[in-house]
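Below is one structure, written out as structure tokens; comments come after it.
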């Protein structure tokens, strides 16, 4: 063989081998790229609140199709996340095995179908030996699992804390964070250890959101012996954690129960409004195939969602606490401000508010004595006044008045 052909052959073989090696060893994500994920609070759907362990390929695909067709995707929802019970075993090589009866086409097929709809795909696992429903957890398999998720096309990982075997929470979540980076795929990491280890103090850069509450239930004000809580309890758990929230690192006040259970219209509006004020992830948990008009109206209110998705990434502060009556304020990137008057009580709140008595210094020196602001009701979708005048309204029991203030020229 002539030298020139030998050289060309060797180069071709090296190119093929290099391609194989590149596939086997992905290019790790940089820390800066990883931190840049979830620049605004993630929006999507999770299977647990409505379906628990009753998940399947058919169900998940129907939910993805419903998200695309209903207007949810147009409103900003993008993640379809399968919670616990999709996994049943590990194979001889230690790879996680999806339930072959419920997911007969496999996870890559499911991810591909969801991606074709313009959506993103998420799965659930656990930092312990077992998940909360007794399925195989990820302890000891973190890097192997992350590589598998990357091959499937996973975009989001909810990572729970059951059967944790006394691990150090920060170290356990750091391990999975490093595994995701090593996989080479940009996967959002949702830390779900229920706020027991104060993840807001160490979670930034490890995960992109962290639960600050026990599991939510579809009730306004309730506490269960096993740890489930209602909407008010989630709000209160998150209320003082505003210093820890920002682009790429969010306080997770739990998934949404809008459309589930016995929440009234006013309670559902409060639930959604306050999650948006708190810059909390918006992960709906209802049956997207069977939403009534009112549920869809709440979940797709683009003016309220815009407050949640504001690029400044500030979490609202409880500006005034008057017992059953509270005023929350959230500064926005364009110098405007969202204000939510929240009525926790069982009686109507006959609001008669003088803006000129207040100066919200934390919100870019918003001074109502110096400037006038228009007041836009984000649920009525109309301007209802000006800060030079008193704001008068009747706020129903368990309801809110949510407004956006814009400086007038």
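None of the figures in this text is laboratory data; all of them are computed from the coordinates on show. Note that the coordinates shown come from a computational prediction; the quantities given were computed from them, not determined experimentally. Cβ placement follows ideal geometry from the backbone for every residue including glycine, while neighbour counts extend to all protein chains displayed.
Could you order the peptides 36-44, 162-170, 106-114, 184-192 from most to least packed, using the average number of other C-beta atoms within 10 Å per residue?
Packing proxy ranking, top to bottom: 184-192, 36-44, 106-114, 162-170.
Do the sum for the chain: with -39,500 (n - 2.57) for every DSSP H run of n ≥ 4, divided by all residues, what is the mean residue ellipticity at 222 nm, to the nearest 500 deg cm²/dmol?
-8500 deg cm²/dmol
Ranking request for peptides 368-374, 244-250, 124-130: highest mean number of other beta-carbon atoms within 10 Å first, then the rest in descending order.
124-130, 244-250, 368-374
Along the Cα→Cβ direction, 7 angstrom out, place labels at residue 69 and residue 201. What is the inter-label distance in nm?
4.9 nm
Using Cβ counts within 10 Å as a stand-in for footprinting exposure, how do 102, 211, 356 rank, fewest first?
Least crowded to most crowded, the residues run 356, 102, 211.
Would you work out the relative contact order for region 31-308, in percent, from Cα pairs under 8 angstrom that are 6 or more residues apart?
Once divided by the residue count of region 31-308, the mean separation gives 20 percent.
Pick out which of 322, 67, 277 has the largest mean-square fluctuation in a Gaussian network model of the chain, springs linking Cα atoms closer than 10 Å.
Result for the chain, Cα springs under 10 Å: 322 fluctuates most.
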